[in-house]
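Read the structure below first, then the notes.
The values are calculated or read from the model by the stated rules, or taken from the named source; none is laboratory data. Source: prediction; values computed, not measured. Cβ placement follows ideal geometry from the backbone for every residue including glycine, while neighbour counts extend to all protein chains displayed. Only protein heavy atoms, including side chains, enter the accessible area calculation; ligands, DNA and RNA are left aside. Shrake-Rupley method; radii C 1.70, N 1.55, O 1.52, S 1.80 Å.
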Amino acid sequence: MAFREIVAPTLRELFVRQIIDMIFSGELKPGDRLPTERDLAEKMNISRSMVHLGLEDLCRMGFVTIEPRAGAFVADYAKTGNFETLGAIVKYTGAALSNEMNISMVEARNATEGGAMIRLAMTHTDEDISSLRKMVEELSKAAKNGEDSKALAERMRDFHVAMTQMSGNILFPLILSSFSEVSLGLWENCVTFWGPETIVQQENRLIDLIESGRGHEAALYIENIFEHYLEAHDIHR
């Protein structure tokens, strides 16, 4: 049994986390000017150099813009963000995602998977299809053996990541995997809402569509599943 070293977050990380939390909560809005480095250091009881480094991190992540002689301003991360922004969302927000962010995450996931399914439908091998069917069989067996919803959700996530890997597009699995941990709760919600038996049927349906070359139908199928979920929970985009 291996135990990992427990590492406490640094003051720099805590500073970054607090600013990001304030942005996601709406307390800080795009265009807001942040206090000076001196003021932030005094208010937060950390060194000015730590504030400076933290602001540089936030700028690199797309959450803040730094203008010479004008100061630091909250950025519209949806416009200025990059892969580091997505990584920061995963690292710093954890399970505390807003409804809007949850919907955005599923839409991004569906778009990525949809593109992968379209490509995989055109390029798949018999080995690809066999591997996917084996994963679904293992998911079915796990459900019958009483695995909990989190374990089944992990199997679902691995199945969908595998499809993007098989598509041959280098970026699809990178995008999907980059927020796979933070979206695990969404996969678990799917298992709870649909039930293991329906989940297995849905995954097999996707494989059937991909095997028969109907990638666009597979992409539309996962979108329809999501729409049904939203309607059942009275969630509006």
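Details
- Each label was represented as a point 7 Å from its Cα along the Cα-to-Cβ direction; for E227 and Q18 these points are 4.6 nm apart.
- Cβ-defined net charge surrounding N110, 11 Å radius [Lys, Arg +1; Asp, Glu -1]: -3
- Reachable lysines, given that their alpha-carbon falls under 29 Å from the alpha-carbon of K134 and they are not under 8 places away in the same chain: K144, K150
- For the pair T10 and D39, a Förster radius of 25 Å applied to the C-beta separation gives a FRET efficiency near 0.75, rounded to the nearest 0.05.
- Cα shape, the stretch 190-234, gyration tensor, a/c 1.5 rule: oblate
- Remark: the Cα gyration tensor places the stretch 94-173 in the oblate category, a/c being 1.5 or greater and a/b not exceeding b/c.
- Distant-in-sequence amide H partners of L28 (H built 1.01 Å from N, under 5 Å): I23
- Anisotropy class of the stretch 123-170 from Cα gyration tensor, a/c 1.5 cut: oblate
- In Hz, Karplus ³J(HN,Hα) per residue of the stretch 167-180 (6.51, -1.76, 1.60; θ = phi - 60°; x = Gly, Pro): 5, x, 7, 5, 7, 3, x, 5, 5, 5, 6, 5, 10, 5
- Carbon/sulfur fraction of accessible area - the chain, other protein chains in place, 1.4 Å, %: 53
- Accessible area expressed per residue, the chain, with surrounding protein chains retained (probe 1.4 Å, Å²): 57
- Evaluating 6.51 cos²θ - 1.76 cosθ + 1.60 at θ = phi - 60° for every residue in the stretch 49-58, the Karplus couplings come out as 5, 5, 4, 4, 5, x, 5, 5, 4, 5 Hz, glycine and proline recorded as x.
- Hull volume in cubic angstrom per residue (convex hull over the Cα atoms of the stretch 44-88): 83
- Shape analysis of the stretch 7-157 based on the Cα gyration tensor places the equivalent ellipsoid semi-axes at 42, 19, 13 Å, largest first.
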